[in-house]
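Heads up, the thing below is written out as structure tokens.
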Amino acid sequence: MKKTIVAIAGLASIAVFSACNNEAAPEDAVVTVNGTDITEAEFIESLKETAGEQNLLSLIQLQLLNDKADEIGITEEEIDQEIDEFKENFGVESDEDLLNAITAQLQGQVDLESKEDLVNEFVKPQLVIEKLSSEGVEVTEEEKKQMYEDQEENYPTQVHARHILVEDEDEANDLKAQLDDGADFAELARENSTDGSAASGGDLGFFGEGQMVPEFEEVAFSLDVDEISDPVQSEFGYHIIQVLERRDSYEDYADDIEDMLIQQKSKSSADVFSDLVKESDIKIEDSRFEDLLTPFEQTEEEPSEEEEEAQG
């Protein structure tokens, strides 16, 4: 199951302040315009006025999540697994490519210089949110089977396949011969395939009927798991197809169904943050932000001022 990158989406805004040069003195110029200095202090003051609340909130969130990571004991194995899932989501293999992909997706809002930055700013916070949001959540076998029965149309037969796509039939036949002799499918796909899946070794993920061109689909759904097809012609060229997995029963979907039920029963990331705020010692020293955490400090029994006014 591909996971939503909650931490990356939610914490990216910390970059505005964390990118500031902490070693610069307040009177140092950030830029000089026609002989007039715009100082570090003026720059930071402007940031506080225009984006201060959201960035301060993000910095508090990041600190709370990293403190909690130490408390609940996030393991290296969990971190490595999370990084592997990030790589799968972004379709990359190396740590460097992952850092570049995240930076590109966030349009330069963050500049991750090392794997350690990735772990501390995104991986650990994500793991903490996941653990705290699903803490105490239980899913029974009966609930899983009931969901499958109620929504069986959402769990059709699917195959997980990869392919090598080339323009020339002779080249396709040559590649098939190499595969028959034991060549690595993913490596040949990366070196020869003409479509975007080449970067991920030809991997197309899971797909159901009606999602691929008919010639491709007919062969893909007829193959046994691990079987490699002869070249198949379509409007895009010549495909060599290998089916890696097949899903067509409750057992095949059970893990996905369990993940979905856990998500449905879990707290939102906002509720997790609210719980952390309530249990932590946080002092807002700048009076401009003294009410920043008020919405997160209220209990369910305590309506906000807006709610009280609406009720009154």
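Before moving on, here are some points about what is shown:
- Simple Cβ-charge dipole of the range 158-247, Lys/Arg +1 and Asp/Glu -1, about Cα centre, in debye nearest 20: 460 debye
- Under 20 Å from the Cα of residue 145 - lysines, other chains or at least 8 residues apart: 265
- A straight chain from residue 101 to residue 199 at 0.36 nm per residue would run longer than the Cα-Cα distance by 34.0 nm.
- Between the helical axis of 250-265 and the longest alpha-carbon principal axis of the chain there is an angle of about 10 degrees.
- On the basis of the beta-carbon distance and an R0 of 35 Å, residue 268 and residue 179 show a calculated FRET efficiency of 0.15.
- Model label zone, residue 72; criterion: amide N under 11 Å from point 7 Å along Cα-to-beta-carbon; scope the range 271-300: 272-273, 276
- Taking a straight line from the alpha carbon of residue 283, these lysines sit under 30 Å away, with near neighbours fewer than eight places off in the same chain left out: 48, 68, 124, 131, 267.
- Once backbone amide H atoms are built at 1.01 Å from N, residue 201 has 190 as its partners under 5 Å, excluding neighbours fewer than 5 places away on the same chain.
- Separation in nanometres of the label points that stand 7 Å from Cα toward Cβ, at residue 84 and residue 249: 2.5 nm
- Exposed loop sites were defined as trypsin sites (Lys or Arg not before Pro) in DSSP loop states (anything but H, G, I, E or B) carrying at most 14 other C-beta atoms within 10 Å; in the chain the longest segment without such a site runs 4-282.
- Relative contact order (%) - the chain, alpha-carbon pairs under 8 angstrom, separation at least six: 17 percent
- For GluC sites (Glu not before Pro), the sites in the range 205-304 that DSSP calls loop and that have at most 11 other Cβ atoms within 10 Å are 227, 235, 285, 290, 300, 301.
- Least to most buried among 47, 64 (fewest other Cβ within 10 Å first): 47, 64
- On Cα atoms only, tilt of 269-279 relative to the major axis of the chain in degrees: 40 degrees
- You can think of it this way: the chain between residue 297 and residue 111 has 63.7 nm of extra reach, that is 0.36 nm per residue less the Cα-Cα gap.
- The simple Förster model, with R0 at 51 Å and r as the Cβ-Cβ distance, assigns residue 235 and residue 27 a FRET efficiency of 0.20.
- Dividing the mean sequence gap of close Cα pairs (under 8 Å, 6+ apart) by how many residues the range 192-292 holds gives a relative contact order of 14 percent.
- Set against the labelled values (1) 22.1; (2) 24.8; (3) 15.6, mean projected area of the Cα convex hull in nm² computed from this structure falls on (2).
Just so you know, all these numbers are worked out from the coordinates, no wet-lab data involved. On a predicted model such as this, the values are computed, not experimentally measured, just so you know. Here the Cβ is made from the backbone with ideal geometry for all residues, glycine too, and neighbour counts use every protein chain on show.
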